[in-house]
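No lab work stands behind these numbers, since they all come straight from the coordinates. The model shown is predicted, which means the values in this text are computed figures rather than measured ones. Here Cβ is always computed from backbone atoms with ideal geometry, including for glycine, and neighbour counts include all displayed protein chains.
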Amino acid sequence: MKALTANRLTDGEVVFWKQGQWLDRFADAELFDDEAVAEAAEAHAKTQVTLLVEPYLIDVAEVEGGVAPVSYRERLRALGPTNKPEHGKQAQGGAQIEILAHAHGAASSKGRIDLIKRK
């Protein structure tokens, strides 16, 4: 399963694709089970260079209570910034934020997995 993410050019905010529009919350992201459909959405997003910075697909998986990005980095982007709980999307609270904050997984760097696993 995949989701499409990017950073909005005007303010740097992490955004997620859903049926032709960019939304601020991961909870609202369109989830792709079909690789070809996901890649077509990504190709379309890459034409929006006046709106976005580097759109790309991320792996997502079912976790306890919902769905979350597989990599730690992408969970941080979905919550962020995480320097203080009262900043960023995490400050909005709610069930999806709790799912993201407590999801498990690792970054793509195999050598750092044990350092960044959420336990």
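Observations on the model:
- Spatially, the range 1-19 and the range 56-107 are offset by 14 Å when compared through their Cα centroids.
- Cα-only Debye scattering, the range 19-71: base-10 log of I(q)/I(0) at q = 0.29 Å⁻¹: -1.37
- Share of Cα-Cα pairs in the range 1-110 lying beyond 24 Å, as whole percent: 20
- Coil-residue trypsin sites (Lys or Arg not before Pro) of the range 1-100, DSSP, other Cβ within 10 Å capped at 11: none
- Averaging the sequence gap over all C-alpha pairs within less than 8 Å and six or more residues apart, then dividing by the number of residues, gives the chain a relative contact order of 21 percent.
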